[in-house]
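Enquirer: What follows is a structure written as structure tokens; I'll ask about it next.
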Amino acid sequence: PVLVESLLVFIIVLSVHAVAWDRFSWCAVALAVQAFYVQFKWDRLLQLGGAVFQFRGAANSGLLPASMVIPLLGVVMKERCRAAGIVYFERFGVVVASTGMLLALFLSILAVGITKPVPTNTCILTGIAGSIIIYTMKHSLTVSEVIEVLEVLLIFVYLSMILLYLLPRCFTPGEALLVLGGVSFVLNQLIKRSLNVIEGRGDPIDFFLLVAVVGVVLLGLFFTVLFIFLDSGTWISSMFFHMMTAVLGLGVIMPWLYRLIQRNPLFWLLQFLFQTQTRLYLLVYWTCLAASACGVVFYQNAKRSSESKKHQASTITRKYFHFIVVATYVPGLIYDRQLLYVAAVLCLAVFIFLEYVRYFRIKPFGQTLRHLLSLFLDERDSGPLILTHIYLLLGMSLPVWLFPRSCAPKGTLPGAGALVPYSGVLAVGVGDTIASVFGSTMGEIKWPGTKKTFEGTMTAIFAQIIAVALILIFDSSVNLNSSYAWILASVSLVSLLEAYTTQIDNLLLPLYLQIMLMA
């Protein structure tokens, strides 16, 4: 399975760079080759328990697929913005690609450094890849851009040491690279933009995303350190938790956002949410869907109480939430993507806050949340945090958040790029859901070395093609310009990757589909 997964990633890397081959293509290929070899060193360290931190079990390291995501995103963003003539975001794409390569290289060097005996051949490959990347960065980046890349690397190193120690068994090395690398980049961007505020420059919804992500992460770090010294399950600690959340929110996060958008954040948010009648209808509709999702949770828990204490939600039951999320995102993508962007940020902040309440057992809802959500745990929730529902939200939202709006003057990209915001809906909402449901109920022919079935993968590809046809019918802004072969190849590669990867597919698959469609 690891070899097939690696082969699929290599095909995606070569496909993307076949469209736009430049100096970064040599770096990407060199990085992929060395990550392939280092991946086996990480796997050996995980098996022997010598990986310094405790990583998630029942999965390989995932270094190769994770290492290529951020560099490829940067490369396709650079090419799209170059074609649109937007120099600022073209340079931003270069910085993203360089940062992703350096973070992946750091993780590889870490694995090689703690492997005993020292793997000579892998060290040579890592040295060659590092030399190519550093040489290319030297001739591609300005001094300020080099400093920015090094700042992200420094934040990543410190965040990794803190969070991987505090949250054992929550991530594989590859997932840690994606999640912590993304948070490090967001934190650096927020600091950079806070120090260079120019009135009227920048979209408030982008600032809202940056402040929300950094705010909830800092909130979590603060309470994690605090509850080392206090018992978080008492009423006094719970009252202190709610009080400090309000203080940090109103005293730090709100003023920070005010400095960036130059207006009252609460008034701006209320005005934004209720600006048009369409937005009001969408908010009412989403509220009904949220209520139905809560109803599923309560019903399944009532069923568990009446049947057996050991009752666990089936795969099909867990996929109800995928259907609800698809029903949430599709109208937002068709009618108001900016509202969907902001609503997804709010949902992410709420999800993470509720996870803090559950994890720290904050009264009065902490223990209730633990009981309700334990029904939906699977083998990927082996650590102290329950992250699968947050990964589902991220997988659906990242294509919306990462869509290069400034490089798409008409609000959409030409050709297959028009489907980029739908990457999460296609890969996770439709593909992964249909593959799980049909594979678990009717699948008989298993892919070699995996539990996934041939029937599940084929029905997933077919369902995504039907979904693309429906998007063409209902979304008039989508014009594929005869790029159907590329869309079919993209969907097929990502569906095969879903069958073979042991990483969190809700996070990985939408990003790879977005990369392919943007290319």
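The values are calculated or read from the model by the stated rules, or taken from the named source; none is laboratory data. If you're wondering where the values come from, they're calculated on a predicted model, not measured in any experiment. As a convention, Cβ positions derive from the backbone with ideal geometry for all residues, glycine included, and neighbour counts pool all protein chains shown. When the accessible area is computed, the model is the full protein with side chains, heavy atoms only, and any ligands, DNA or RNA have been set aside. Shrake-Rupley method; radii C 1.70, N 1.55, O 1.52, S 1.80 Å.
Enquirer: For the range 338-366, give me each residue that is under 18 Å from L402 (Cβ atoms) and not aliphatic (A, V, I, L, M).
Expert: Across the range 338-366, the qualifying residues are Q338, Y341, C347.
Enquirer: Taking I504 as meeting all but one of (1) modelled with pLDDT of 90 or more; (2) within 15 Å of V428 (Cβ to Cβ), write down the number of the exception.
Expert: Of everything listed in (1) modelled with pLDDT of 90 or more; (2) within 15 Å of V428 (Cβ to Cβ), I504 misses just condition (1).
Enquirer: Looking at R358, R370, which is the one that is basic (K, R), surrounded by 19 or more Cβ atoms within 10 Å (Cβ to Cβ) and on the phi < 0 side of the Ramachandran plot? Before you say what the answer is, go through the steps one by one.
Expert: Working: R370 fails: surrounded by 19 or more Cβ atoms within 10 Å (Cβ to Cβ).
Of R358, R370, the one residue that is basic (K, R), surrounded by 19 or more Cβ atoms within 10 Å (Cβ to Cβ) and on the phi < 0 side of the Ramachandran plot is R358.
Enquirer: I need the full set of residues from the range 256-268 which are under 25 Å from E355 (Cα atoms) and surrounded by fewer than 16 Cβ atoms within 10 Å (Cβ to Cβ), in order please.
Expert: The first filter runs over the range 256-268 and keeps only residues under 25 Å from E355 (Cα atoms), leaving 256-257, 265-266.
Within the range 256-268, L266 is the sole residue that qualifies.
Enquirer: For F55, state whether it is over 28 Å from L413 (Cα atoms) and in contact with a Leu (Cβ under 7 Å, 6 or more places away or on another chain). Even if it seems obvious, please write down each step before you answer.
Expert: Working: over 28 Å from L413 (Cα atoms): yes; in contact with a Leu (Cβ under 7 Å, 6 or more places away or on another chain): yes.
Answer is yes for this residue.
Enquirer: Tell me, yes or no, whether the range 430-443 has at least one residue that is open to solvent by 10 Å² or more (accessible area, probe 1.4 Å), assigned to a helix (DSSP H, G or I) and among the charged types (D, E, K, R).
Expert: Checked the range 430-443: no residue is open to solvent by 10 Å² or more (accessible area, probe 1.4 Å), assigned to a helix (DSSP H, G or I) and among the charged types (D, E, K, R).
Enquirer: Answer yes or no as to whether L377 is within 21 Å of F323 (Cα to Cα) and crowded, with 21+ Cβ neighbours inside 10 Å.
Expert: Working: within 21 Å of F323 (Cα to Cα): yes; crowded, with 21+ Cβ neighbours inside 10 Å: no.
In short, no.
Enquirer: Of the residues in the range 491-504, how many are outside any helix (DSSP H, G or I), touching an Asp or Glu at 6+ places or on another chain (Cβ under 7 Å) and either of a type outside the set (A, V, I, L, M) or open to solvent by 50 Å² or more (accessible area, probe 1.4 Å) (or both)?
Expert: Keep residues of the range 491-504 that are outside any helix (DSSP H, G or I), which gives 501-504.
Applying the additional criterion that residues be touching an Asp or Glu at 6+ places or on another chain (Cβ under 7 Å) yields 501, 503-504.
Subsequent filtering for residues that are either of a type outside the set (A, V, I, L, M) or open to solvent by 50 Å² or more (accessible area, probe 1.4 Å) (or both) retains 501, 503.
Counting residues in the range 491-504 that are outside any helix (DSSP H, G or I), touching an Asp or Glu at 6+ places or on another chain (Cβ under 7 Å) and either of a type outside the set (A, V, I, L, M) or open to solvent by 50 Å² or more (accessible area, probe 1.4 Å) (or both) gives 2.
Enquirer: The conditions are (1) in contact (Cβ under 8 Å) with a residue 12 or more places away in the chain; (2) under 22 Å from M68 (Cα atoms), and K138 fails exactly one of them. Which is it?
Expert: The one condition K138 does not meet is (1).
Enquirer: In the range 315-341, what residues are under 17 Å from D206 (Cβ atoms), of a type outside the set (D, E) and surrounded by fewer than 20 Cβ atoms within 10 Å (Cβ to Cβ)? Outline the logic, then answer.
Expert: Going through the range 315-341, the residues under 17 Å from D206 (Cβ atoms) turn out to be 336-341.
Okay, now just the ones that are also of a type outside the set (D, E), so 337-341.
Once the filter is applied, which keeps residues that are under 17 Å from D206 (Cβ atoms), of a type outside the set (D, E) and surrounded by fewer than 20 Cβ atoms within 10 Å (Cβ to Cβ), the range 315-341 yields R337, Q338.
Enquirer: Of the residues in the range 250-288, how many are more than 13 Å from V342 (Cβ to Cβ) and among the aromatic types (F, W, Y)?
Expert: Summing the residues that are more than 13 Å from V342 (Cβ to Cβ) and among the aromatic types (F, W, Y) in the range 250-288 gives 5.
Enquirer: Any residue in the range 1-24 that is closer than 21 Å to R80 by Cβ sitting within a Cβ distance under 7 Å of a residue that is of a type in the set (F, W, Y)? List the pairs, counting only those 6 or more apart or interchain.
Expert: If the second residue must be of a type in the set (F, W, Y), the pairs left are I12/Y512.
Per-residue answers, yes or no, for (1) at pLDDT 90 or above; (2) open to solvent by less than 20 Å² (accessible area, probe 1.4 Å):
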| site | (1), (2) |
| --- | --- |
| L166 | no, no |
| R169 | no, no |
| T172 | no, yes |
| L177 | yes, yes |
| G182 | yes, no |
| L187 | yes, no |
| R193 | no, no |
| N196 | no, no |
| G215 | yes, yes |
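Enquirer: Please go through (1) in contact with a Phe, Trp or Tyr (Cβ under 8 Å, 6 or more places away or on another chain); (2) open to solvent by 20 Å² or more (accessible area, probe 1.4 Å) for Y135 and return the number of the only condition it doesn't satisfy.
Expert: (1)
Enquirer: Sticking with this structure for a sec: Looking at M458 and the list (1) more than 28 Å from D43 (Cα to Cα); (2) modelled with pLDDT under 90, which single condition is not satisfied?
Expert: (2)
Enquirer: Something else now. Taking the stated definitions as given, is R358 without any contact (Cβ under 8 Å) to a residue 40 or more places away in the chain and within 23 Å of L166 (Cα to Cα)? Even if it seems obvious, please write down each step before you answer.
Expert: Numbers: without any contact (Cβ under 8 Å) to a residue 40 or more places away in the chain: yes; within 23 Å of L166 (Cα to Cα): yes.
Considered against the rule, which asks whether it is without any contact (Cβ under 8 Å) to a residue 40 or more places away in the chain and within 23 Å of L166 (Cα to Cα), R358 comes out as yes.
Enquirer: In this structure, does F240 turn out to be among the aromatic types (F, W, Y) and surrounded by fewer than 12 Cβ atoms within 10 Å (Cβ to Cβ)?
Expert: Details: among the aromatic types (F, W, Y): yes; surrounded by fewer than 12 Cβ atoms within 10 Å (Cβ to Cβ): no.
The answer is no for F240.
Enquirer: Could you check the range 465-490 and list, in sequence order, the residues that are open to solvent by 20 Å² or more (accessible area, probe 1.4 Å) and not in a helix (DSSP H, G or I)?
Expert: Selection gives S476, S477, N479, N481, S482, S483.
Enquirer: Filter the range 395-424 down to the residues that are open to solvent by 10 Å² or more (accessible area, probe 1.4 Å) and at pLDDT 90 or above and list them by number.
Expert: Selection gives L398, V400, W401, L402.
Enquirer: Still on this structure, please answer the following. Give the residues of the range 29-80 that are among the hydrophobic types (A, V, I, L, M, F, W, C), touching a Gly at 6+ places or on another chain (Cβ under 6 Å) and within 23 Å of V94 (Cβ to Cβ), sorted by residue number.
Expert: Of all residues in the range 29-80, those among the hydrophobic types (A, V, I, L, M, F, W, C) come to 29-33, 35-36, 38, 40, 42, 45-46, 48, 51-53, 55, 58-59, 63-64, 66, 68-70, 72-73, 75-77.
Checking which are touching a Gly at 6+ places or on another chain (Cβ under 6 Å) leaves us with 63, 66, 70, 77.
Answer for the range 29-80, where residues must be among the hydrophobic types (A, V, I, L, M, F, W, C), touching a Gly at 6+ places or on another chain (Cβ under 6 Å) and within 23 Å of V94 (Cβ to Cβ): A66, I70, M77.
Enquirer: Has the range 119-131 got any residue that is within 22 Å of G74 (Cβ to Cβ) and surrounded by fewer than 14 Cβ atoms within 10 Å (Cβ to Cβ)?
Expert: Of the range 119-131, the ones within 22 Å of G74 (Cβ to Cβ) are 126, 128-131.
Now restrict to residues that are surrounded by fewer than 14 Cβ atoms within 10 Å (Cβ to Cβ): 128, 131.
Within the range 119-131, one or more residues are within 22 Å of G74 (Cβ to Cβ) and surrounded by fewer than 14 Cβ atoms within 10 Å (Cβ to Cβ).
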